[in-house]
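What follows is one structure encoded as structure tokens, with my remarks underneath.
The values are calculated or read from the model by the stated rules, or taken from the named source; none is laboratory data. Model, not experiment: these values are computed from the prediction. Using ideal geometry, Cβ is built from the backbone for each residue, glycine included, and neighbour counts are taken over all protein chains shown. Surface accessibility is based on the protein's heavy atoms, side chains included, excluding ligands, DNA and RNA. Shrake-Rupley method; radii C 1.70, N 1.55, O 1.52, S 1.80 Å.
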Amino acid sequence: MTDNQDPVERMATARHEFGEHGGVNMSIEASTTFTVMEADTLPAIFQGEKGPNQGGCYLYGRHFNPTVYNLGQQLAALEGTEAGYCTASGMSAISSTLIQLCQPGDEIIAANSIYGGTFALLHDLLPAKNNINTRFVDITDLKAVKAAITEKTKVIYTETLSNPTLRVAPLPLLAKIAQQHKLTLVVDNTFSPLIINPINLGADIVLHSLTKFINGASDTIAGAICARQDFILDMMDLHQGTLMLLGPTMDPEIAFRISMRLPHLPLRIKEHSLRARFIANKLTENGIKVNYPGLPTHPDHQLFKEIANLEYGFGGILTLDMGTETKANELMNCLQNEFQFGYMAVSLGYFDTLMSCSGSSTSSELSEENKQSAGISPGLIRLAIGYTGSAEQRWQQLSSALKKIDALK
């Protein structure tokens with residue numbers, strides 16, 4: 001399903017669940033197994049003739065759970081797909097999807113700048129365990145993407161905004177290439193929920209680490225797959241469904257918690273973006289080179305403006321390159337321990353700022369050669385800007401730390 005309706009309006013339309021006893025919040029269904037009223041219903045569920053969409057039938061918590069199912073429907077509304085399925089982590093969503101799409105001997109084309117865990121999955125685990133190989137390319141170079149396609153290629157995989165280099169994937173053009181060659185375009189939209197809608201730009205499947213912006217409190221690990229209904233049902237197949245057989249099951253209490261935070265997502269995303277743009281502008285005014293899609297100096301600034309819903313800004317993440325890991329660590333130590341600017345921690349989407357030196361943390365799975373190819377320097381700091389405190393207070397803390405390490409006069 002694709003449409004031009006605002007994602008917030010779609011979520012509001014989808015979110016109309018009552019609790020078991022009429023509560024305004026949906027109930028948490030804690031059962032692992034579900035009863036049926038007629039004996040012949042069980043075989044019908046096993047044969048795929050009945051389910052949540054066919055008579056409201058549930059079987060077993062690893063299959064479907066009402067609370068988790070409701071969250072999946074809300075996320076499908078967010079991304080504009082027919083269906084959504086929630087998993088125990090972002091990595092389980094990614095791995096289950098790619099294994100479902102590919103057979104042994106197939107190939108994937110992937111962006112060369114992606115999250116380190118995803119890189120390890122594609123570069124190391126899938127070739128060794130499944131004989132599924134990946135060709136890594138600069139996803140912004142359409143000639144390189146086309147040149148990497150072979151008769152074995154089945155998937156183009158990219159992040160909307162690359163982690164950690166913040167390059168913007170040219171999704172409309174990638175979608176055209178995928179359609180021409182009958183490939184599936186899979187997009188990880190973790191960095192840009194609400195801001196960019198990959199489905200409306202031609203993507204086939206959208207993935208999320210719900211751990212990040214969508215949950216927003218760094219207290220829950222979770223993932224999601226947003227796709228066509230038939231693909232989700234294929235993943236639930238009793239014999240060859242990766243969701244059914246690998247069992248990346250989301251706990252219903254986690255689903256309830258995330259569902260309660262979804263209505264606040266638009267407010268949070270706007271504020272993350274507002275704060276990040278403020279900091280990026282301040283750094284630029286003071287002669288500090290900063291990488292942020294909202295700056296005209298960013299190589300993909302115009303593309304971002306063309307494909308994004310700018311009501312939600314340019315995102316909450318920026319990077320600084322301190323040249324060396326030693327200098328990056330010096331700045332982060334100073335920011336956290338002397339000026340209380342944020343926390344040295346991986347992840348993003350938290351209400352406080354999280355900062356990490358990507359090359360030695362979230363991209364450490366890449367070899368030095370791979371990091372260089374992806375544009376990840378040893379001193380690259382990823383700042384996931386939070387919204388606590390005042391913007392001016394946070395700028396004073398950041399500028400004071402930069403002055404202390406002689407990076408700002």
Quick one: if you take sqrt(5λ) for each eigenvalue of the C-alpha gyration tensor of the range 109-184, what semi-axes come out, biggest first, whole angstrom?
19, 17, 9
Kindly count the pairs of lysines across the range 69-210 whose alpha carbons are less than 14 Å apart, treating pairs on different chains or eight or more residues apart as eligible.
6
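Using only the Cα atoms of the range 300-389, build the gyration tensor, take square roots of its eigenvalues as a ≥ b ≥ c, and label the shape rounded, prolate or oblate: rounded if a/c is under 1.5, else prolate if a/b is larger than b/c, else oblate.
Verdict is oblate for the range 300-389.
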Enumerate the amide H contacts of Leu59 below 5 Å, restricted to partners 5 or more residues apart or on another chain; note that Pro and chain-start residues carry no placed amide H.
Phe64
The range 177-237: Rg/Rh from Cα coordinates, Kirkwood Rh?
1.03
Quick calc, the chain, dipole around Cα centre from Cβ unit charges on Lys, Arg (+) and Asp, Glu (-), nearest 20 debye, gives 1080
Hz values of 3J(HN,Hα) by residue in the range 133-143 - Karplus curve (6.51, -1.76, 1.60), Gly and Pro given as x:
10, 10, 9, 8, 9, 6, 5, 7, 9, 5, 5
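Using a 1.4 angstrom probe with every protein chain in place, what is the largest-first accessible-area order of His16, His264, His298? Mind dumping the intermediate values first?
Working: His16 130, His264 90, His298 10 Å².
Result of the area sort, largest leading: His16, His264, His298.
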Expected-Rg normalisation [2.2 N^0.38 Å, Cα atoms] applied to the range 205-276:
1.32
Segment Asp219-Val24, length gained on full extension (0.36 nm per residue, minus Cα span)
67.8 nm
Accessible area in the full protein assembly, largest first, 1.4 Å probe, for Leu380, Leu125
Leu125, Leu380
Once the Cα atoms of helix 90-101 and of the chain are each reduced to a long axis, what angle between those two axes, in degrees from 0 to 90 to the nearest 10, is obtained?
60
Square roots of 5 times each gyration tensor eigenvalue, C-alpha, the chain, largest first, Å
37, 25, 18
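Multiply the residue gap between Ser31 and His239 by 0.36 nm, knock off their C-alpha separation, and tell me the result in nm, one decimal place.
72.5 nm
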In square nanometres, what is one fourth of the surface area of the convex hull spanned by the alpha carbons of the range 370-409?
3.9
Under the Karplus curve 6.51 cos²θ - 1.76 cosθ + 1.60, θ = phi - 60°, whole-Hz ³J(HN,Hα) for the range 369-382, x wherever Gly or Pro sits
5, 5, 4, 5, 5, 7, x, 9, 7, x, x, 6, 9, 9
Run the Debye formula on the Cα coordinates of the range 285-334, all scatterers equal and no solvent, and tell me log10 I(q)/I(0) at q = 0.18, 0.26, 0.30 1/Å.
-0.68, -0.99, -1.15
For Ala345 paired with Asn53, estimate the spin-label separation in nm (one decimal), with each label point 7 Å from Cα along the Cα-to-Cβ line.
3.8
What per residue convex hull volume, in Å³, comes out for the range 217-259 when only alpha-carbon positions are used?
83
Using alpha carbons only, how many degrees (0 to 90, rounded to 10) separate the axis of helix 252-261 from the longest principal axis of the chain?
50
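Compute the signed sum of charges (Lys and Arg +1, Asp and Glu -1) over the other residues within less than 10 Å, Cβ to Cβ, of Asn65.
Combined, the nearby Lys, Arg, Asp and Glu give -1.
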Would you mind checking the tilt of helix 325-337 against the longest principal axis of the Cα atoms of the chain, expressed as 0 to 90 degrees and rounded to 10?
80
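How many Å³ per residue does the convex hull of the Cα positions in the range 209-347 occupy? If you can, show how the numbers build up before the last one.
On the way: hull volume 25.0 nm³, N = 139.
Measuring per residue, one finds 180 Å³ for the Cα hull of the range 209-347.
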Classify the range 136-236 as rounded, prolate or oblate, taking a ≥ b ≥ c as the square roots of the eigenvalues of its Cα gyration tensor: rounded when a/c is under 1.5, otherwise prolate if a/b is larger than b/c and oblate if not.
oblate
Quickly estimate the mean residue ellipticity at 222 nm for the chain, helices only: each DSSP H run with n ≥ 4 gives -39500 (n - 2.57), and the total goes over all residues, rounded to 500.
-10500 deg cm²/dmol
Using Cα-Cα distances under 8 Å and only pairs 6 or more residues apart, what relative contact order does the range 47-161 have, in percent?
22
For the range 347-357, Karplus-derived ³J(HN,Hα) couplings (6.51, -1.76, 1.60; θ = phi - 60°; whole Hz; x for glycine and proline) come out as 5, 6, x, 7, 6, 9, 6, 10, 9, 8, 8
